[in-house]
Amino acid sequence: MKIKNSLSAHLAKKMSGPTIVYLVFIVLLGFAPSIFSLINEPFYLDLLSRILVLSIAALSLNLILGYGGMISLGHAAYLGIGAYCVGIPAYYEIYNGFVHLALAIVFSGLFALFSGMVSLRTKGVYFIMITLAFTQMLYFTFVSLEEYGGDDGLVIELRSEFPSILDIENNTTLYYCIYLTLLGSFLIVHRIINSPFGRVIIGSKHNEERMQALGYNTYRYKLVCYVISGVICGIAGVFLGNFTSFISPEMMDWTHSGELIFMIVIGGVNALFGPLIGAALFIFFEEWLSGITVYWHFIFGLLLIVLVLFGKGGANGLITALFKNKK
Amino acid sequence: MNWELLIIQCLNGLQLGLLLFLLAAGLTLIFGIMDFINLSHGAFYMIGAYFCASLVGLTGSLILAVILSLVGVLIIGALVEAILARRLYQNDHLDHVLVTFGLILCFDTVVHFFWGTQGMTIPLPPTLDGQITIGSIVIPTYRFVIITGGLLVAGGLYLLVNKTHLGMLIRAGASNRVMVTALGVNIDRLYMIVFAIGAAMAGFAGMLIAPLTEASVGMGNEIIIIAFVVVIVGGIGSIKGAFFGALLIGLIDTLGRSYLDGFLKLSMPPNYAETAAPALSAMMVYILMAAILAFRPRGLFPPTHKS
Amino acid sequence: MTNKEPTLLSTAGLAKHFGGVKAVDNISLSVTDKSVHGIIGPNGAGKTTLISLLSGGLRPDDGSIFFLDRDITKESTDRRAKQGLARSFQITSIILPMTILENVMLSAQGRRKHAYQFWHPANENMGIKEQAISVIEQVGLLDKMEKLASEISHGEQRQLELAMALAMQPKLLLLDEPMAGMGHSESEKITKLLNVISQDKAILLIEHDMDAVFQLANTISVLVNGSIIASDKPSNIRTNPQVQTAYLGGPSS
């Protein structure tokens with residue numbers, strides 16, 4: 001009883017209105033499969049799985065973009081790496097999911113390390129373009145790999161296997177896997193941004209010169225952050241590969257990197273839960289609008305422009321404002 | 001060594017380079033003067049191609065169609081500047097990326113709406129559709145048209161930037177923005193002119209390429225990335241850099257695609273070379289960019305005095 | 001005031017050019033421990049350039065810098081800071097979206113070996129927090145500690161700027177006009193504080209407030225057009241005719 005009291009007191013002290021809204025939303029996500037099977041709409045689970053995978057990707061991008069000020073226009077590369085780490089082993093009939101995950105972590109980490117070492121030496125426009133350039137290089141590498149389908153991509157016949165632990169051929173199990181990974185990623189990012197390391201990253205975004213004068217090798221801190229972000233996104237890629245069962249270099253197209261940024265901005269840059277809300281809204285609008293008209297991209301584009309011009313803070317800004325008005 | 005093939009490939013490279021220059025020149029000025037990242041610059045390339053294709057059908061005259069389309073793209077460029085871009089110069093780069101990404105979506109859909117998903121080609125008059133034979137080399141006449149057109153525009157831009165009052169302001173703006181503002185120049189108008197001229201050049205590139213590849217939705221999205229590479233390699237804000245950067249990238253890309261295969265076979269087994277060559281040649285321009293930035297972080301020809 | 005304390009920092013023939021302009025030209029100076037070396041000079045004399053050269057923000061075109069008997073000319077800013085060289089900025093350079101406490105904690109943490117700690121909340125790092133709070137108290141911002149750096153007044157931002165340099169617990173402080181933008185009473189308070197600090201630290205002080213400089217400094221160097229035209233005890237500088245013509249605007253009382 002005492003523990004419970006102190007816990008609720010702790011919660012009440014620390015949590016703002018918006019955070020509670022987000023947490024309720026996240027708890028609801030945990031019940032989603034049961035709800036969807038109750039109303040007999042299995043397609044919704046598909047949609048929601050996609051939203052959660054993209055949330056993980058957007059969350060990882062927000063770590064470097066929102067908190068670290070590193071505007072990468074090449075983050076879709078890691079989704080591709082993760083997906084191919086499922087597809088290529090599967091091509092050789094290696095279905096062990098732990099192998100897939102390990103490969104994804106290693107390769108996305110290495111790609112982030114290598115590309116980060118070069119791109120983090122630059123700033124501003126140069127950084128944006130170099131991150132894009134690295135992803136283009138990867139894109140063309142996979143296009144030229146005829147063995148693995150080249151331009152046409154690969155079909156993944158079977159999902160990753162986690163023998164005697166999990167069977168993610170079952171859509172609900174896969175959903176919970178993604179859900180738990182998302183929760184884990186939230187926890188990791190939350191801890192990171194509040195840790196001493198995170199402070200250095202946030203400080204570097206706002207005043208790199210000062211951070212160096214304080215004794216921080218900002219380049220190295222940013223590089224570590226860049227690698228962490230890449231690895232998280234690589235894991236999201238493993239789920240994306242399992243989930244779509246078809247992968248192609250097109251996944252790494254720069255427009256998809258742009259979409260990830262789009263999601264962050266809809267949700268609210270610098271907001272922990274922004275990427276989740278953003279990805280949800282993005283997919284929701286995509287499904288909804290594409291059902292109405294083939295010209296839905298126009299509305300999307302317009303939405304993006306209006307959002308930047310008038311809607312600073314995205315959905316998170318809106319929710320926060322609502323709570324402020326109540327008080 | 002097959003010299004005829006080499007010459008033809010060099011002409012191909014020159015052609016690609018000049019097209020890239022037409023795109024990159026506007027980009028680099030918009031970058032350099034307004035500090036604005038315009039991902040949607042490729043849309044002008046697409047619009048130019050579609051305008052021209054439709055107008056050739058309507059007017060029956062290629063020249064008239066080109067002139068009218070140029071005016072059309074010029075106006076659209078000026079409108080985009082006045083309505084949208086102008087509000088964003090003070091914002092950070094992320095906002096530029098987002099808004100112009102949104103613009104791409106809008107432009108692509110508008111073109112899709114009016115012209116459909118089917119590509120459109122520009123029919124060439126017989127005089128331009130032939131071939132020219134020099135010695136044993138046979139080259140399509142139209143290739144010369146593209147090269148001549150590109151060189152003429154480059155020359156015109158050179159004169160404009162170096163010999164006119166407007167050009168003086170453009171140069172000053174690219175190297176020192178604060179100074180131009182301090183000179184009491186009507187900065188809004190200068191920005192609009194630069195943006196519109198840049199758009200028109202991109203549109204012209206689209207018109208030049210359309211007879212070869214046809215106009216299609218999203219045609220600018222691929223090439224604009226290479227044009228960005230040109231801008232970075234050449235040095236942001238530098239027309240000279242854009243010119244030499246574009247030729248360099250054009251040649252390297254074209255020659256890489258045709259010769260890398262053979263070159264790699266000198267040092268590795270043929271089956272490996274055949275796998276590696278296409279990937280490597282597609283990546284070469286990006287590798288070049290990374291290498292150049294490693295040694296010259298501000299590109300090959302950065303404008304002097306950047307404040 | 002000549003003391004037997006060891007030399008902490010010295011430069012030899014330090015030079016920096018911008019285009020054709022010699023911002024800093026052939027400067028050789030030294031700072032001994034537990035003393036204040038004041039640098040004065042008219043605007044544009046190269047004072048801030050000098051600080052940037054010493055702290056590592058700029059690379060010299062010529063000459064070398066020694067700190068604790070080591071050549072640090074080619075070392076990066078963060079390496080110099082880790083060895084105990086702290087600077088403050090003339091134009092306030094703080095992390096605006098963080099609180100005063102968070103800002104100072106960042107700098108208190110900076111001289112530690114590293115901050116690759118990813119899991120534990122930064123705010124609960126008690127050792128660092130106590131150290132930061134004591135510095136905040138020293139500069140007189142204790143009651144505003146939890147305020148965002150963007151919300152406090154300009155004078156308070158200047159105090160924070162100084163606190164960030166102090167919290168690094170440096171061996172040598174490079175202070176670039178710490179009193180600029182402060183009110184008179186704050187300025188006096190900071191002068192007193194610097195006086196206390198200089199009992200066990202070395203300070204290189206650039207300051208326009210002449211009262212403060214002459215009150216604090218053991219040695220004063222006069223910088224004009226990038227060169228040091230005189231370097232001496234305050235009392236001698238005051239009467240140096242060369243200095244008076246070049247800087248103080250002709251002989252005066």
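The values are calculated or read from the model by the stated rules, or taken from the named source; none is laboratory data. Because the structure is predicted, anything quoted here is derived from the model rather than measured. Reconstructed Cβ throughout: ideal geometry from the backbone, glycine too, with neighbour counts over all protein chains shown.
Taking the conditions (1) buried (at least 23 other Cβ atoms within 10 Å of the Cβ); (2) farther than 26 Å from residue B:172 by Cα; (3) not charged (D, E, K, R) in turn, residue B:260 satisfies each one other than (1). Evaluated against (1) within 10 Å of another protein chain (Cβ to nearest Cβ); (2) of a type outside the set (Ser, Thr, Tyr); (3) farther than 30 Å from residue B:296 by Cβ, residue A:183 falls short on exactly one condition, (1). For segment B:1-49, the set of residues classified as surrounded by fewer than 22 Cβ atoms within 10 Å (Cβ to Cβ), touching a strand residue (DSSP E or B) at 6+ places or on another chain (Cβ under 7 Å) and of a type outside the set (D, E, K, R) consists of B:7, B:8, B:11, listed by residue number. The residue pairs whose first member lies in segment A:148-170 and is over 15 Å from residue A:93 (Cα atoms), whose second member is among the basic types (Lys, Arg), and whose beta carbons are closer than 8 Å, counting only pairs six or more residues apart or on different chains, are A:168/A:159; A:169/A:159. Just give me the residues in segment C:144-165 being hydrophobic (A, V, I, L, M, F, W, C), over 12 Å from residue C:190 (Cα atoms) and assigned to a helix (DSSP H, G or I), in sequence order. Within segment C:144-165, C:164, C:165 meet the criteria. Residue C:156 falls short on exactly one of the conditions (1) surrounded by 19 or more Cβ atoms within 10 Å (Cβ to Cβ); (2) at pLDDT 90 or above; (3) in contact with a helix residue (DSSP H, G or I) (Cβ under 9 Å, 6 or more places away or on another chain), and that condition is (2). The set of residues from segment C:229-243 being within 18 Å of residue C:203 (Cα to Cα) and surrounded by 16 or more Cβ atoms within 10 Å (Cβ to Cβ) comprises C:231, C:234. Name every residue in segment A:83-126 that is touching a residue at least 60 places away in the same chain (Cβ under 8 Å) and outside any helix (DSSP H, G or I), in order of residue number. Correct list: A:95, A:96, A:120, A:121.
Only a single criterion out of (1) within 13 Å of another protein chain (Cβ to nearest Cβ); (2) surrounded by fewer than 20 Cβ atoms within 10 Å (Cβ to Cβ); (3) more than 30 Å from residue A:117 (Cα to Cα); (4) in contact with a Gly (Cβ under 6 Å, 6 or more places away or on another chain) is not satisfied by residue A:223, namely (3).
Residues that are more than 8 Å from chain B (Cβ to nearest Cβ) and at pLDDT 85 or above were ranked within segment A:297-327; the one that is surrounded by the most Cβ atoms within 10 Å (Cβ to Cβ) is A:299. Pairing each residue of segment B:293-307 that is assigned to a loop (DSSP other than H, G, I, E, B) with any residue that is at pLDDT below 75 and surrounded by fewer than 18 Cβ atoms within 10 Å (Cβ to Cβ), provided the two are 6+ apart or on different chains, yields C-beta distances under 8 Å for B:298/B:306; B:305/B:176; B:306/B:176; B:307/B:176; B:307/B:178; B:307/B:179.
Only one entry of A:204, A:257, A:245 meets the criterion of being within 13 Å of another protein chain (Cβ to nearest Cβ), closer than 30 Å to residue A:147 by Cβ and not aliphatic (A, V, I, L, M), and that entry is A:257. When each of C:166, C:148 is tested for being surrounded by 23 or more Cβ atoms within 10 Å (Cβ to Cβ) and either touching a residue at least 40 places away in the same chain (Cβ under 8 Å) or within 21 Å of residue C:91 (Cβ to Cβ) (or both), the lone residue that passes is C:166.
Listed by first and then second residue, the pairs linking a residue in segment C:220-235 that is under 10 Å from residue C:39 (Cα atoms) to a residue that is of a type in the set (A, V, I, L, M, F, W, C) and assigned to a loop (DSSP other than H, G, I, E, B), with Cβ atoms under 6 Å apart and 6 or more places separating them unless they lie on different chains, are C:221/C:29; C:223/C:45. Select, from C:163, C:217, C:180, the only residue that is at pLDDT 90 or above, assigned by TED's automatic domain parsing to the domain that holds residue C:78 and small (Gly, Ala, Ser). Of the residues listed, the single one that is at pLDDT 90 or above, assigned by TED's automatic domain parsing to the domain that holds residue C:78 and small (Gly, Ala, Ser) is C:217.
Yes or no, residue by residue, for (1) of a type in the set (A, V, I, L, M); (2) at pLDDT below 85:
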{"residue": "A:89", "(1), (2)": "no, no"}
{"residue": "A:97", "(1), (2)": "no, no"}
{"residue": "A:117", "(1), (2)": "yes, no"}
{"residue": "A:132", "(1), (2)": "yes, no"}
{"residue": "A:167", "(1), (2)": "no, yes"}
{"residue": "A:180", "(1), (2)": "yes, no"}
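So which residues in segment B:229-278 are among the aliphatic types (A, V, I, L, M), in a loop (DSSP other than H, G, I, E, B) and farther than 18 Å from residue B:299 by Cβ, if there are any at all? Answer for segment B:229-278, where residues must be among the aliphatic types (A, V, I, L, M), in a loop (DSSP other than H, G, I, E, B) and farther than 18 Å from residue B:299 by Cβ: B:266, B:268. When you scan segment C:124-140, do you find a residue that is at the interface with chain A (Cβ under 7 Å from one of its Cβ atoms) and either crowded, with 18+ Cβ neighbours inside 10 Å or within 22 Å of the chain's Cα centre (by Cα) (or both), even just one? Checked against the condition, which is being at the interface with chain A (Cβ under 7 Å from one of its Cβ atoms) and either crowded, with 18+ Cβ neighbours inside 10 Å or within 22 Å of the chain's Cα centre (by Cα) (or both), segment C:124-140 yields at least one hit.
Of everything in segment B:152-169 that is within 10 Å of residue B:239 (Cβ to Cβ) and within 19 Å of the chain's Cα centre (by Cα), the residue that is surrounded by the most Cβ atoms within 10 Å (Cβ to Cβ) is B:157. Answer yes if at least one residue in segment C:130-145 is under 16 Å from residue C:92 (Cβ atoms), modelled with pLDDT of 90 or more and out of contact with any helix residue (DSSP H, G or I) (no Cβ under 7 Å at 6 or more places or on another chain), and no otherwise. No: segment C:130-145 contains no residue that is under 16 Å from residue C:92 (Cβ atoms), modelled with pLDDT of 90 or more and out of contact with any helix residue (DSSP H, G or I) (no Cβ under 7 Å at 6 or more places or on another chain).
Here residue A:163 meets the list (1) surrounded by 17 or more Cβ atoms within 10 Å (Cβ to Cβ); (2) more than 30 Å from residue B:27 (Cα to Cα); (3) not charged (D, E, K, R) almost entirely, failing just condition (1). Residues that are in contact with a Ser or Thr (Cβ under 8 Å, 6 or more places away or on another chain) and over 30 Å from residue C:20 (Cβ atoms) were ranked within segment C:187-210; the one that is modelled with the lowest pLDDT is C:209. Taking segment A:241-272, which residues are at pLDDT 90 or above, crowded, with 24+ Cβ neighbours inside 10 Å and not in a helix (DSSP H, G or I)? The one that is at pLDDT 90 or above, crowded, with 24+ Cβ neighbours inside 10 Å and not in a helix (DSSP H, G or I): A:247.
Only residues that are of a type in the set (Val, Ile, Thr) and more than 14 Å from every other protein chain (Cβ to nearest Cβ) were counted in segment C:37-93, giving 5.
Every residue, every condition in (1) among the basic types (Lys, Arg); (2) within 20 Å of residue A:236 (Cα to Cα); (3) in contact with a Pro (Cβ under 7 Å, 6 or more places away or on another chain), yes or no:
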residue	(1), (2), (3)
A:27	no, no, no
A:40	no, no, no
A:58	no, yes, yes
A:72	no, yes, no
A:85	no, yes, no
A:89	no, yes, no
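Checked against (1) away from every other protein chain (no Cβ under 11 Å); (2) farther than 17 Å from residue A:127 by Cα, residue A:229 meets all criteria but (2).
Return the residues of segment C:99-121 that are at the interface with chain A (Cβ under 8 Å from one of its Cβ atoms) and either touching a strand residue (DSSP E or B) at 6+ places or on another chain (Cβ under 7 Å) or aromatic (Phe, Trp, Tyr) (or both); say none if nothing qualifies. Matches in segment C:99-121: C:116, C:118, C:119.
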